[in-house]
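S.K.: Sharing a structure below in structure tokens format, with a few things to ask.
The values are calculated or read from the model by the stated rules, or taken from the named source; none is laboratory data. From a predicted model like this one, the values you see are computed outputs, not experimental measurements. Glycine gets a Cβ as well: all are built from the backbone with ideal geometry, and neighbour counts include every protein chain shown. To get the accessible areas, we keep the full protein, side chains included, count just its heavy atoms, and leave off ligands, DNA and RNA. Shrake-Rupley method; radii C 1.70, N 1.55, O 1.52, S 1.80 Å.
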Amino acid sequence: MSTTKSQTFVRGAFFMAAAGIVSKILGVVYVVPLQNMIGNYGMGLYQLAYALYVVMLYIALAGFPLALSKAVAERTVVNDYDGAEQTFRVSVRLMGITGVVSFLLMYAGAPLFATIGGNQDATLAIRALSFAVLVVPVLAAFRGYLQGHQQMAPSGTSQVVEQLVRVGVILVGTYLVLQSGRGVSFGAATATFGGAVGALASLILVAYSVQKMRRRFRHRLTGRNTEDDRAVRRKLIRYAIPISLASLVLPIAQLVDYSTVINLLKWIGWTEYDATGAYGVLTNDGYRLIQLPVTLATAIGTSLLPAVSEAISARNDRLLRERIDISFRLMSLTLFPATAVLFLLAEPIDIMLFRHTDGVQVMRIVSFMGIFMSFEIITTYMLQGIGRMYLPVRNMLTGTACKLVINVALIPLLGIEGAAISAALAYVVSAWLNLRSVFSITGVRLNLGMMLTRPLAATVLTGLPLWGGYRLLHALLQGTIASERLLATVELAIVLPLSVLFYGILTLLIGSVSLTELLYIPKIGSRINRLLARFPWLVKEEKRRKRP
């Protein structure tokens, strides 16, 4: 694989990852004041609406954005720009229609969906969020067009804009509604409506980028369609159905919790209020936080699917193997330390964000779920990129079935921790099935030292001083800061940056990342490379790694 192709793919993944991480951080940060305003009960209503929204959104999208990116990549690699343009137009029309249908279904069916979720108070929140389904499908189609050209920066920027506007509307709107004397259910509904406003702002931005991209290729267009629109539509549907089914597995897994957690807790004697609050802790303290490391998997996968399709279309097996290999390496280098942080520092993180320790055990359990969930996501993109569209769907549905069975078995015994354990075990099953399929079909043989042993060693060597440093700092500062929340914030602000620096140095020392590979990082890679090249021990490690 040429350096240029390597850098294009990795930089695209970095752009998407950086945007995703910023969005997820904003998504975590806003929860703190929102939870303070509407409480665990309000967060339970909010999460009930969002769990349904995710399902409806995936139905509306139906896999078309990723199908579009795959189809556009296949067209542009053979210089068929007319075909790429036609595919885009067909996809946008389809997205508009499915968005309208899904909106009507979600709005009209809100009372029924709230009843299924176990709380009628969620009806208003569901209806407020349904307006986002009108906008997001068209927005996703525009992003798919850009990603098909492997232009990830505009998509990443639009994600950040969407989240900024959404968070602003959520916080300001919820505060004003509560100040006006409205109840918690109105506050939760106002918060969900922020999703529609944020999506609209993002659509305006990404539409500008798409028009700019289309002008770049206008001189290469002949004005003749290479295929009938119906043929293009059939091809998109053929790609989209398995992608959609794979994408639906995650919301279906969430729907398993949606329909079982509160009802099972009520069945063993919990009140509706306490059960809804526990569901809010599971989805808010647990599932939301693991979205930070999982964001990288989604970002890599978004870049990987069109990149793998391009390699397949070009019949370049070496390019295919190298893109798969570097994807696994990027995942391992970030997932293992992120899991260690969530597991070891669950208590101060929970106190800092939510002012309680109700979700500590849940966070520790689901921290491991993040690893398997991420590998499931990335291998799904790999399998679909090489044309095995339905295989990951089967594997993921197997994991979801396991989750349902384990939920029913463990929640009555262990309460909310049982739901967290079942989620982790379900992803172990589906991730293992996907990994086995990737290795069997592609013949890829990974360097386990680079993918597993070295990142794990660096994580363990970082985790020990991370935990010890936190405990020592806590002992020194306890009693000097009255607020538990402020104390936890100060401790994390000191310990986490030092741990990141320590882990980064270790990865270079043991050879997990080379100085040359640092050049792939957009904007700052060359600066980091020049800085580290001044240290002879790092340069020697780089030379040693280059030897055959």
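S.K.: Keeping to segment 388-424, report how many residues are open to solvent by 50 Å² or more (accessible area, probe 1.4 Å), over 22 Å from Gly277 (Cβ atoms) and touching a residue at least 40 places away in the same chain (Cβ under 8 Å).
M.R.: Residues that pass the stated criteria total 4.
S.K.: If Ala191 meets every condition in (1) under 29 Å from Arg233 (Cβ atoms); (2) crowded, with 19+ Cβ neighbours inside 10 Å apart from one, which number is that one?
M.R.: The one condition Ala191 does not meet is (1).
S.K.: Also, quick follow-up: Pull up segment 425-448, narrow it to residues that are open to solvent by less than 20 Å² (accessible area, probe 1.4 Å) and assigned to a helix (DSSP H, G or I), then point me to the one that is nearest to Trp270 (Cα to Cα). Walk me through it before giving the result.
M.R.: Here is the first cut: in segment 425-448, the residues open to solvent by less than 20 Å² (accessible area, probe 1.4 Å) are 426, 430-431, 434, 437-438, 444.
Next, from what is left, pick out any that are assigned to a helix (DSSP H, G or I): 426, 430-431, 434, 437-438.
Numbers: Ala426: 25, Ser430: 32, Ala431: 33, Asn434: 38, Ser437: 42, Val438: 44 Å.
Restricting to residues being open to solvent by less than 20 Å² (accessible area, probe 1.4 Å) and assigned to a helix (DSSP H, G or I), the top hit is Ala426.
S.K.: Give just the number: which of (1) polar (S, T, N, Q); (2) in a helix (DSSP H, G or I); (3) under 28 Å from Leu410 (Cα atoms) does Thr379 not satisfy?
M.R.: Looking at each condition in turn, Thr379 falls short on (3).
S.K.: Let me ask you something else. Say whether the condition of being at pLDDT below 85, open to solvent by 60 Å² or more (accessible area, probe 1.4 Å), over 30 Å from Val32 (Cβ atoms) and in a helix (DSSP H, G or I) is met by at least one residue in segment 514-524.
M.R.: no
S.K.: Moving on. Of all residues in segment 340-370, which are more than 22 Å from Tyr279 (Cα to Cα) and either of a type in the set (Gly, Ala, Ser) or under 21 Å from the mean Cα position of the chain (by Cα) (or both)?
M.R.: Across segment 340-370, the qualifying residues are Ala340, Val341.
S.K.: Let me ask something else. Here are Arg471, Arg534: which of them is at pLDDT 85 or above, basic (Lys, Arg) and either farther than 29 Å from Ile349 by Cα or open to solvent by 40 Å² or more (accessible area, probe 1.4 Å) (or both)? Reasoning before the result, please.
M.R.: Details: Arg534 fails: at pLDDT 85 or above.
Result: Arg471 is the single residue among Arg471, Arg534 that is at pLDDT 85 or above, basic (Lys, Arg) and either farther than 29 Å from Ile349 by Cα or open to solvent by 40 Å² or more (accessible area, probe 1.4 Å) (or both).
S.K.: Looking at Arg166, Arg143, Arg218, Arg182 in this structure, which one is surrounded by fewer than 20 Cβ atoms within 10 Å (Cβ to Cβ) and either farther than 24 Å from Pro33 by Cα or within 19 Å of the chain's Cα centre (by Cα) (or both)? Show your work before the answer.
M.R.: Working: Arg166 fails: surrounded by fewer than 20 Cβ atoms within 10 Å (Cβ to Cβ); Arg143 fails: surrounded by fewer than 20 Cβ atoms within 10 Å (Cβ to Cβ); Arg182 fails: either farther than 24 Å from Pro33 by Cα or within 19 Å of the chain's Cα centre (by Cα) (or both).
Answer to the selection: Arg218.
Rundown of residues vs (1) in a helix (DSSP H, G or I); (2) modelled with pLDDT of 75 or more; (3) surrounded by 18 or more Cβ atoms within 10 Å (Cβ to Cβ), yes/no style:
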site: Thr4; (1), (2), (3): yes, no, no
site: Ala17; (1), (2), (3): yes, no, yes
site: Ile25; (1), (2), (3): yes, no, no
site: Val28; (1), (2), (3): yes, no, no
site: Gln35; (1), (2), (3): yes, yes, yes
site: Gly44; (1), (2), (3): yes, yes, yes
site: Leu48; (1), (2), (3): yes, yes, yes
site: Leu52; (1), (2), (3): yes, yes, yes
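S.K.: Might you let me know whether segment 102-117 holds any residue that is small (Gly, Ala, Ser), modelled with pLDDT under 85 and buried (at least 19 other Cβ atoms within 10 Å of the Cβ)?
M.R.: yes
S.K.: Okay, next question. Could you list, in sequence order, the residues of segment 118-134 that are surrounded by fewer than 21 Cβ atoms within 10 Å (Cβ to Cβ) and either aliphatic (A, V, I, L, M) or under 9 Å from Thr192 (Cβ atoms) (or both)?
M.R.: Leu134
S.K.: Can you name the residue in segment 87-102 that is in contact (Cβ under 8 Å) with a residue 40 or more places away in the chain and over 16 Å from Arg143 (Cα atoms) and is also farthest from the chain's Cα centre (by Cα) among such residues?
M.R.: Result: Val101.
S.K.: Residue check: is Ile324 β-branched (Val, Ile, Thr) and buried (at least 21 other Cβ atoms within 10 Å of the Cβ)? Steps first, answer last, please.
M.R.: On the way: β-branched (Val, Ile, Thr): yes; buried (at least 21 other Cβ atoms within 10 Å of the Cβ): yes.
Spelling it out, Ile324 is indeed β-branched (Val, Ile, Thr) and buried (at least 21 other Cβ atoms within 10 Å of the Cβ).
S.K.: OK, next. Quick check on this structure: which one of Gly194, Gly156, Gly118 is touching a residue at least 24 places away in the same chain (Cβ under 8 Å) and within 27 Å of Tyr381 (Cβ to Cβ)?
M.R.: Working: Gly194 fails: within 27 Å of Tyr381 (Cβ to Cβ); Gly118 fails: within 27 Å of Tyr381 (Cβ to Cβ).
Just one listed residue meets the conditions, Gly156.
S.K.: Right, here's the next one. When you look at Phe113, is it more than 27 Å from Tyr41 (Cβ to Cβ) and either of a type in the set (Lys, Arg) or in a helix (DSSP H, G or I) (or both), yes or no?
M.R.: On the way: more than 27 Å from Tyr41 (Cβ to Cβ): no; either of a type in the set (Lys, Arg) or in a helix (DSSP H, G or I) (or both): yes.
Criteria not met by Phe113.
S.K.: Out of Tyr175, Tyr208, I need the residue that is among the aromatic types (Phe, Trp, Tyr) and without any contact (Cβ under 8 Å) to a residue 24 or more places away in the chain. Which one?
M.R.: After applying the criteria, what remains is Tyr208.
S.K.: Looking at (1) at pLDDT 85 or above; (2) within 18 Å of Ala338 (Cβ to Cβ); (3) out of contact with any Leu (no Cβ under 9 Å at 6 or more places or on another chain), which one does Leu461 not meet, given that it meets all the others?
M.R.: Result: Leu461 passes all but (3).
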